[in-house]
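Heads up: the structure comes next, in structure tokens.
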Amino acid sequence: MLSLKYAGEKTSYIISFKKISKNIIQITGDFPVKRKGFVCCRVGSEDVLGDHTDYKTVYREIEGGAQFSNDGSVYTVPVPIVSFTAGLGGTVDGRKVQAVDLYEKLVLPSPLPEENYVFSGWNPEIPETGEINGNVTFQANFSYVETLEEVKEAKVAEMNAVQQQIITAGIDVTLTDGTTDHFDLTDRDQMRIMGLQSQVASGTELISWHTSNEDEHCKFYSNADMAMIAEKAVSYVTWHVTYFRDLRIYIRSLETKEAVADVEYGMDIPVEYQSNPLKAMIATRARAEQE
């Protein structure tokens with residue numbers, strides 16, 4: 001600890017001393033801030049340890065003390081540096097680094113999206129007014145916009161997934177005794193049904209069926225029942241495979257994203273995009289509904 005005496009005064013103050021730079025020193029303690037220069041002594045002694053009578057300028061006041069300079073310099077608040085960068089998908093055109101203290105003084109650079117991208121905003125959001133407290137960086141964000149072809153293929157994949165779910169969910173078949181059984185139609189189930197058609201054709205009376213559900217027992221079906229099961233399963237799968245193929249062709253013919261978005265599985269496909277097999281199946285269904 002040291003004691004401070006201002007030039008021309010006898011009163012001393014207990015202080016702490018710190019040299020900040022060649023021309024700036026820092027004094028902390030309980031003392032009045034004056035512009036007179038001072039000397040420092042040991043506490044309780046008149047021996048001068050440091051003559052600072054040329055430090056007459058208050059560089060800046062700080063909590064618990066002050067800083068003094070001997071070259072007339074005073075502290076000025078640094079002007080914040082504002083930087084602008086670009087994220088993936090674009091660039092910015094304009095002044096990318098600006099020294100300003102108010103947001104209203106900023107000259108925003110122009111975001112330039114690359115092909116298939118759109119500007120989606122600044123991160124963080126840039127205030128319109130107010131003080132800028134400290135250096136800050138704003139990034140221009142860009143969002144990818146799918147092309148029409150990408151939208152089409154995404155819709156095709158979506159419809160294919162729906163088709164597979166519907167086929168896998170299977171069918172209900174009313175048997176010759178009036179009861180109804182449900183048959184899943186996973187790829188494995190379809191292969192089994194195809195394999196059993198030879199037994200139907202050979203006249204085997206009792207044909208065993210192994211479901212894809214491992215928790216269910218195997219079951220016998222009569223030749224007539226298995227023939228009906230196979231016929232309905234093949235017809236069901238054939239309908240959905242044919243329908244999806246034509247739907248896919250229709251989707252890929254569309255010219256706007258809005259039209260693609262409106263496509264739903266099960267919709268009526270325009271006649272000009274229906275294959276002859278699909279037209280025939282639609283006609284058969286229509287006749288069955290009229291009967």
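Criterion applied to Glu291, Glu272, Glu255 was being acidic (Asp, Glu), in contact (Cβ under 8 Å) with a residue 60 or more places away in the chain, surrounded by fewer than 17 Cβ atoms within 10 Å (Cβ to Cβ) and out of contact with any Pro (no Cβ under 9 Å at 6 or more places or on another chain), and the one residue passing it is Glu255.
Taken together, Val92, Val107 contain a single residue that is in a strand (DSSP E or B) and not basic (Lys, Arg), which is Val92. Is it fair to say Ser212 is assigned to a strand (DSSP E or B) and open to solvent by less than 60 Å² (accessible area, probe 1.4 Å)? Judged against the criteria, Ser212 is not a match.
Does Val145 qualify as being open to solvent by less than 40 Å² (accessible area, probe 1.4 Å) and β-branched (Val, Ile, Thr)? When the stated conditions are applied, Val145 does not pass them. Scanning the stretch 3-15 for residues that are without any contact (Cβ under 8 Å) to a residue 24 or more places away in the chain and not β-branched (Val, Ile, Thr), which turns out least open to solvent (accessible area, probe 1.4 Å)? Per the criteria, the residue is Tyr13. For the stretch 21-41, taking the residues that are open to solvent by 30 Å² or more (accessible area, probe 1.4 Å) and assigned to a loop (DSSP other than H, G, I, E, B), the one that is nearest to Tyr75 (Cα to Cα) is identified as Asn23. Of all residues in the stretch 119-139, exactly one satisfies the criterion of being part of a strand (DSSP E or B) and at positive phi, namely Gly121. For the residues Ile193, Ile229, Ile282, Ile251, the requirement of being within 17 Å of Thr180 (Cα to Cα), of a type in the set (Val, Ile, Thr) and not in a loop (DSSP other than H, G, I, E, B) singles out Ile229.
Within the stretch 49-89, restricting attention to residues that are part of a loop (DSSP other than H, G, I, E, B) and under 32 Å from the mean Cα position of the chain (by Cα), the residue that is surrounded by the fewest Cβ atoms within 10 Å (Cβ to Cβ) is Leu88. The single residue among Ser110, Ser83, Ser73 that is in contact (Cβ under 8 Å) with a residue 12 or more places away in the chain and under 30 Å from Gly37 (Cα atoms) turns out to be Ser73. Give the stretch 195-209 a look and list any residue that's open to solvent by 60 Å² or more (accessible area, probe 1.4 Å) and in contact (Cβ under 8 Å) with a residue 24 or more places away in the chain, or say none. Answer for the stretch 195-209, where residues must be open to solvent by 60 Å² or more (accessible area, probe 1.4 Å) and in contact (Cβ under 8 Å) with a residue 24 or more places away in the chain: Gln197, Gln199. Within the stretch 234-252, being open to solvent by 40 Å² or more (accessible area, probe 1.4 Å) and either out of contact with any Asp or Glu (no Cβ under 9 Å at 6 or more places or on another chain) or among the aliphatic types (A, V, I, L, M) (or both) holds for Val234, Ser235, Tyr236, Thr238, Val241, Arg245, Arg248, Ile249.
The residue list Ile193, Ile207, Ile167 contains one member that is closer than 30 Å to Leu254 by Cβ and not hydroxyl-bearing (Ser, Thr, Tyr), which is Ile167.
The values are calculated or read from the model by the stated rules, or taken from the named source; none is laboratory data. No experiment lies behind these values; they were computed from the predicted model shown. Positions of Cβ are backbone-derived with ideal geometry, glycine not excepted, and every protein chain shown enters the neighbour counts. For accessibility, only protein heavy atoms count, side chains too; no ligands or nucleic acids. Shrake-Rupley method; radii C 1.70, N 1.55, O 1.52, S 1.80 Å.
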